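Shown next, in structure tokens, is the structure this report addresses.
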Amino acid sequence: MHISDGVLPTSVAVGSFAASALLLAWSARRTRSEELPKVAVVSAAFFVASLIQVPFGPTSVHLLIPGLAGALLGSSAFLAIALGLLLQSFLFQFGGLTALGANALMMGLPALLCGLLFQTFKGKTRQRKMWVGGLAGGLGTALAALMLAALLASGGEDFLGVAKIALLAHIPVTLVEALVSAMTIGFLARVKPELLEPAYLKHPPVHHD
Amino acid sequence: MTEVLRLELPLWQVPLLLLLPLVLLGMAIYALRRSLRQRSVPGEEPDWSVPSLEEAAGHSLFHRWEVRCKLVSLLLYAFAVASLQQLGPALAALGLSLLALLLARTPLPRALMRLLALSGFLTMFMIVMPLSAALRPGDTLVVFAGLEWLEFNLRGLQLAATIAAKGAAIALLSEPLLATAPLPVTLQGLSRLGAPEMVGQMVLLSHRYLHVFRQEALRMAGGMQVRGFRKRTDLPTFHAVANFLGMLFVRSFERTERVFEAMQARGYQGRMPAPLATSLRSTDWLLGGVWLLLGLLLVIFDRWVG
């Protein structure tokens, strides 16, 4: 769920814009030019993933993948997510123009944290990568929901009800996301394990044709 | 007015005041969604589900406006609108956005798409806010006889309506802001304004990949359906979705790597050679000034009403 225009108090909207700009600059500096297309891939995948509906009982939820983006990109994840959100806002109006900073913080900070978590604890075996990946995926969504609720609640006590509903609505998403992230990480660990290594991002394999 | 006013209404008004607006809203959203879907079904029609920002032919005021000036003044104006707190000024802003939309003459379905994307979030506000807004002195509570536990705070409803009006105003404004110049020009304008050039390049790359990916995703989803895959709430479905996502990543990474190597082989060094002719004319400044003045007037109007 993205915050739309006019919901947040002006000070919060402007403040989160400034914070996101700083984080974006940091994330962009840590991204080398060879990695740019990969970051663009994750931005675009971040976008496409939000179009995938997963059934959950009578309703369906769509994936948010902040945790997966973090696991794949590490410190560049913030850049990828901010760009994905910019495009979503420009094209689809998912998330308002003036709330872009807040939305980037809400998704990007959990992604950075989960990326760190995944890279630190992923271990060697595929089994362990799946467990840690699932944890990172679930945690990423849960943290994003918490930040959404906190941002909404910054509007004053009138917004507490909306913040609570938003938090509750993310519980099924968190469960689905944890399961799907674990299985996606498992798939990648089997099919293209080098994607999960930050070394792959730092030194792309040399092709000799 | 320091007391909380309780308005008690008879029970038979529940369908009239509560259910009718909800049903009407639901029907409006449903009709909008249907009409947009039908529009995109015939093969020759453009696919609006991923609206392209690139086709920006037109000769309106907004098309001729210099891109940097447009970005700065409309973004500042958007922040001014977002800071409004009263319903009246927010509705005035909505009216101004409609006017801008008419002046810019961008395709209407896209503006409707934007409103549709907003509708879920804003509907949640409209339903939850009247029920959960904190009680303050001077508020009016509406209760229905027989349903005393359900208290509707009119101030909450007003707050939600203000938010909806502001959200819709800025959403409609993004059409004149973004769809009246090709995306590369808008991004170049952003980087001329100080945004890192790499960010603009990345947005362009992702924008390209977006369409490629969506095609790929649709193709894969079609393949799954043909093989008899149906979505359910069970582990195999999650497994299939996870593999789908993983495959999307793998294929896209490989494809992107090839494309990027090809780009580098052709001398790509982090920027596309596309000179942007920029000359700020006095009409650009004038137009920017007018929008900033409008934003300022709205804010003054807002404080004066409140």
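The values are calculated or read from the model by the stated rules, or taken from the named source; none is laboratory data. These numbers were taken from a predicted model, which means no experiment stands behind them. Virtual Cβ from ideal backbone geometry, glycine too; neighbours counted across all protein chains shown.
Observations, loosely collected:
- Count - residues of the range B:174-226 that are in contact with an Asp or Glu (Cβ under 9 Å, 6 or more places away or on another chain) and more than 27 Å from B:Leu108 (Cα to Cα): 1
- Those helices (runs of 4 or more DSSP H) lying entirely in the range A:1-118 with at least 2 residues in contact with a Lys or Arg (Cβ under 9 Å, 6 or more places away or on another chain): A:36-49, A:66-73, A:77-92
- Residue match in the range A:46-63 (condition: within 7 Å of chain B (Cβ to nearest Cβ), surrounded by 21 or more Cβ atoms within 10 Å (Cβ to Cβ), closer than 21 Å to A:Leu195 by Cα and of a type in the set (Val, Ile, Thr)): yes
- Among the criteria (1) of a type outside the set (Gly, Ala, Ser); (2) more than 8 Å from every other protein chain (Cβ to nearest Cβ); (3) out of contact with any His (no Cβ under 9 Å at 6 or more places or on another chain), the one B:Leu131 does not fulfil is (2).
- Pairing each residue of the range A:29-40 that is more than 9 Å from chain B (Cβ to nearest Cβ) with any residue that is buried (at least 23 other Cβ atoms within 10 Å of the Cβ) and part of a helix (DSSP H, G or I), provided the two are 6+ apart or on different chains, yields C-beta distances under 8 Å for A:Arg30/A:Ser76; A:Glu35/A:Ser76.
- Flag for B:Pro236 being part of a helix (DSSP H, G or I), within 30 Å of B:Leu102 (Cα to Cα) and out of contact with any His (no Cβ under 6 Å at 6 or more places or on another chain): no
- Checked against (1) of a type in the set (Gly, Ala, Ser); (2) farther than 27 Å from B:Met126 by Cβ; (3) surrounded by fewer than 21 Cβ atoms within 10 Å (Cβ to Cβ), A:Ser181 passes all but a single condition, namely (3).
- Residues satisfying the stated conditions in the range A:76-97, i.e. within 20 Å of B:Ala181 (Cα to Cα) and among the polar types (S, T, N, Q): A:Gln88, A:Ser89, A:Gln93
- Single condition B:Val23 does not satisfy, out of (1) modelled with pLDDT of 85 or more; (2) in contact with a helix residue (DSSP H, G or I) (Cβ under 8 Å, 6 or more places away or on another chain); (3) part of a helix (DSSP H, G or I): (2)
- Residues within the range B:135-186 that are part of a helix (DSSP H, G or I), more than 10 Å from every other protein chain (Cβ to nearest Cβ) and either in contact with a Leu (Cβ under 9 Å, 6 or more places away or on another chain) or surrounded by 24 or more Cβ atoms within 10 Å (Cβ to Cβ) (or both), tallied: 6
- Failed criterion for A:Ala69 (all others in (1) at pLDDT 90 or above; (2) more than 10 Å from chain B (Cβ to nearest Cβ); (3) under 24 Å from B:Leu190 (Cβ atoms) hold): (1)
- Residues of the range A:1-24 that turn out to be at the interface with chain B (Cβ under 7 Å from one of its Cβ atoms) and free of Cβ contacts under 8 Å to residues at least 60 places away in the same chain, as a count: 1
- Search result, residues across the range A:146-188 that are more than 12 Å from chain B (Cβ to nearest Cβ), assigned to a helix (DSSP H, G or I) and in contact (Cβ under 8 Å) with a residue 40 or more places away in the chain: A:Met147, A:Leu151, A:His170, A:Val173
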